Amino acid sequence: MSLRLCGIPSAFAIIKSPVQYLEACIDKRFIRMNERIRAREVRVIDDESGQLGIMPPFEAIKKARERGLDLVEISPTATPPVCKIMDYGKFLYEQEKKERAAKKKQKVITVKEVKFSINVDDHDYETKKNHVLRFLAEGDKVKASLRFRGREMAHRNLGRDMIERLIRDVSEKAVVEFAPRMEGNTMHAILAPKKAEVASKPPRAPAQQQPRP
């Protein structure tokens with residue numbers, strides 16, 4: 001008998017893989033439970049993750065109802081489909097809690113734009129370059145853009161030189177995600193922080209004890 005459980009072949013996976021793995025594969029948009037389960041036979045896992053064997057859905061639903069729970073199809077592509085006896089409302093609540101917790105831990109990467117011009121002086125260039133380095137150190141990507149106005153379009157090579165100069169100057173802290181390119185009358189490049197350069201909070205130095213008088 002061959003099963004495919006979220007990319008895991010073999011019936012052995014049902015017994016050896018944690019039931020939580022199967023539950024994580026549930027797509028809530030297409031969930032089937034209780035009388036909506038259409039298979040002729042299902043493999044049933046009880047609410048304590050024990051194997052109850054293969055049986056018709058109506059018999060499995062009866063067992064679930066005796067415990068005041070639902071029969072939920074957690075692996076519809078298996079042969080036969082795998083169902084679990086559970087409190088589906090509680091399951092959804094726990095899944096949503098996990099999703100919210102995972103989102104809180106995710107690092108939101110934003111793209112900060114720093115605008116240049118072909119006639120920028122050295123002082124302004126250094127100021128803008130330092131902005132770029134600060135954004136990169138904070139873990140954000142940087143869009144270095146340069147807009148050509150009027151006759152400046154005839155000197156696009158100067159704009160490219162400016163952006164390529166920036167790329168060289170920050171090369172120790174950044175990787176080029178998108179090389180300089182034109183879009184309309186604007187040239188831009190996207191820089192991303194090197195992984196080892198993402199700022200982290202430095203460890204707090206241990207407090208030095210003052211000698212007693």
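We did not get these values from a lab; they are worked out from the coordinates using the rules stated. Every value quoted in this text rests on a predicted model; they were computed, and no experiment measured them. Because the Cβ atoms are built from the backbone with ideal geometry, glycine has one as well, and the counts that use them run over all protein chains shown.
Each other residue within a Cβ distance under 14 Å of Glu59 adds +1 if Lys or Arg and -1 if Asp or Glu, for a net charge of +2.
Amide H contacts of Glu177: Ile190, Leu191, Ala192, each under 5 Å away and 5 or more positions distant or on a separate chain (H built 1.01 Å from N in the peptide plane; Pro and chain starts excluded). Over every Cα atom in region 40-195, the radius of gyration and the widest Cα-Cα span, Dmax, amount to 29.1, 82 Å. Hey, fewest Cβ within 10 Å first, where do Ile54, Ile85, Ile118 land in order? By the 10 Å Cβ count, ascending, the order reads Ile54, Ile118, Ile85. Using Cα-only point scatterers and the Debye equation, what is log10 of I(q)/I(0) for region 111-197 at each q in 0.11, 0.16, 0.18, 0.25 Å⁻¹, rounded to two decimals? Scattering profile of region 111-197, log10 relative to I(0): -0.27, -0.56, -0.70, -1.26.
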